[in-house]
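**Student:** To start, I am sharing the structure in question, which I have written as structure tokens.
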Amino acid sequence: PALFALEYSLYQLWRSWGIEPAVVIGHSVGEYVAACVAGVFSLADGLKLIAKRGQLMGYLPAGGAMVSVMASAQQVREIIESQPEGAVISIAALNGQESTVISGEAGAVQQVVTHLEALVIISKVLSVSHAFHSPLMEPMFNKFRQVAQLVDYREPTVKLISNVTGAVITEAVATPEFWCEHILQPVNFVGGMSTLEQSGCGVLLECGPQPILLGMARQCVAESEERVWLPSLRRQQGDWQQLLSTVSQLYVAGFVLDWDGF
């Protein structure tokens, strides 16, 4: 809920300064914000969904693990399939062509990490409370569905690229079934960035506490001198210093800012 609130607030701040998006995309929790600002559901319903999601996940037993692997999804998938039958582990996120996150029971994840080490493939254990985007989330599925069915959904009024499909999504996102599956399905960020690149967007502005997604995004698309990557906030940098730096770059890039709003 805190991440949702910060991202939504940053979006509204930029909007009050005259910066309107042509396309929105999130990453996992960020997709709730992207959908909310695209008009799929109200702020109240968005908060209801994300709060219940966090609460139900918090009730789940600990013991899951997530690891970021510097390898392609295909290579990681082959290693997972070679594990003993019954091992609860899956791909949780496709963050780049050579950046894949695995998630599942800690023991099963460690077995895969050991396999990766033997192949001299770099991996990094993520600091998480649970194994998100894995079958270990299934026990919360039905209770979350009950809340998701109470939400009033509408088709997006701003072009929305989904993590689940990696493509522009319309009526399919406006259903409780989508948000239930969103909990279990891997985050296809690399597919979404490919779609975003094809849309021709030249300025990418991240609404988050630090530019994590900008770093990942630059590994997903071809480098271009014409593309501008802008953070809202950056760790170890004053908030106003970073915001003003990005405002200046937007102005230089040709955006008409609402100076009264600013």
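**Student:** Taking the criterion of being touching a helix residue (DSSP H, G or I) at 6+ places or on another chain (Cβ under 7 Å) and more than 27 Å from residue 96 (Cα to Cα), would at least one residue in region 217-235 satisfy it?
**Tutor:** Checking region 217-235: not a single residue is touching a helix residue (DSSP H, G or I) at 6+ places or on another chain (Cβ under 7 Å) and more than 27 Å from residue 96 (Cα to Cα).
**Student:** Within the bounds of region 180-187, is there any residue that is surrounded by fewer than 16 Cβ atoms within 10 Å (Cβ to Cβ) and not small (Gly, Ala, Ser)?
**Tutor:** So the first thing to find is which residues in region 180-187 are surrounded by fewer than 16 Cβ atoms within 10 Å (Cβ to Cβ), and the list is 181.
Checking which are not small (Gly, Ala, Ser) leaves us with 181.
Checked against the condition, which is being surrounded by fewer than 16 Cβ atoms within 10 Å (Cβ to Cβ) and not small (Gly, Ala, Ser), region 180-187 yields at least one hit.
**Student:** Return the total of residues in region 79-105 being closer than 14 Å to residue 63 by Cα and modelled with pLDDT of 95 or more.
**Tutor:** So the first thing to find is which residues in region 79-105 are closer than 14 Å to residue 63 by Cα, and the list is 87-89, 103-105.
This time we only want the ones that are modelled with pLDDT of 95 or more, so: 89, 103-105.
Total meeting the criteria: 4.
**Student:** Which members of region 208-227 meet the condition of being open to solvent by less than 40 Å² (accessible area, probe 1.4 Å) and either outside any loop (DSSP other than H, G, I, E, B) or at pLDDT 95 or above (or both)?
**Tutor:** Residues satisfying the conditions are 208, 211, 214, 215, 216, 217.
**Student:** Would you mention how many residues in region 95-109 are open to solvent by 30 Å² or more (accessible area, probe 1.4 Å) and part of a strand (DSSP E or B)? Give the derivation first.
**Tutor:** Of region 95-109, the ones open to solvent by 30 Å² or more (accessible area, probe 1.4 Å) are 97-98, 105-107.
Remaining after also requiring part of a strand (DSSP E or B): 105.
Within region 95-109, residues that are open to solvent by 30 Å² or more (accessible area, probe 1.4 Å) and part of a strand (DSSP E or B) number 1.
**Student:** Suppose the filter is in a helix (DSSP H, G or I), of a type in the set (S, T, N, Q), loosely packed, with under 14 Cβ neighbours inside 10 Å and free of Cβ contacts under 8 Å to residues at least 24 places away in the same chain; does residue 248 pass it? Talk me through it step by step, then tell me what you get.
**Tutor:** Numbers: in a helix (DSSP H, G or I): yes; of a type in the set (S, T, N, Q): yes; loosely packed, with under 14 Cβ neighbours inside 10 Å: yes; free of Cβ contacts under 8 Å to residues at least 24 places away in the same chain: yes.
Considered against the rule, which asks whether it is in a helix (DSSP H, G or I), of a type in the set (S, T, N, Q), loosely packed, with under 14 Cβ neighbours inside 10 Å and free of Cβ contacts under 8 Å to residues at least 24 places away in the same chain, residue 248 comes out as yes.
**Student:** Mind counting the residues in region 53-63 that are touching a residue at least 60 places away in the same chain (Cβ under 8 Å) and assigned to a helix (DSSP H, G or I)?
**Tutor:** Going through region 53-63 one residue at a time, the tally reaches 5.
**Student:** Would you pick out the residues in region 210-234 that are touching a residue at least 24 places away in the same chain (Cβ under 8 Å) and within 24 Å of residue 262 (Cβ to Cβ)?
**Tutor:** Residues satisfying the conditions are 210, 228, 229, 230, 231, 232, 233, 234.
Residue by residue, here is whether (1) surrounded by fewer than 17 Cβ atoms within 10 Å (Cβ to Cβ); (2) part of a loop (DSSP other than H, G, I, E, B) holds:
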residue: 24; (1), (2): no, no
residue: 27; (1), (2): no, yes
residue: 30; (1), (2): no, no
residue: 36; (1), (2): no, no
residue: 41; (1), (2): no, yes
residue: 45; (1), (2): no, no
residue: 51; (1), (2): yes, no
residue: 65; (1), (2): no, no
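The values are calculated or read from the model by the stated rules, or taken from the named source; none is laboratory data. Note that the structure is a prediction, hence the values are computed from the model and not measured. With ideal geometry, Cβ positions are generated from the backbone for all residues, glycine too; neighbour counts draw on all protein chains shown. Accessible surface areas use protein heavy atoms only, side chains included; no ligands, DNA or RNA. Shrake-Rupley method; radii C 1.70, N 1.55, O 1.52, S 1.80 Å.
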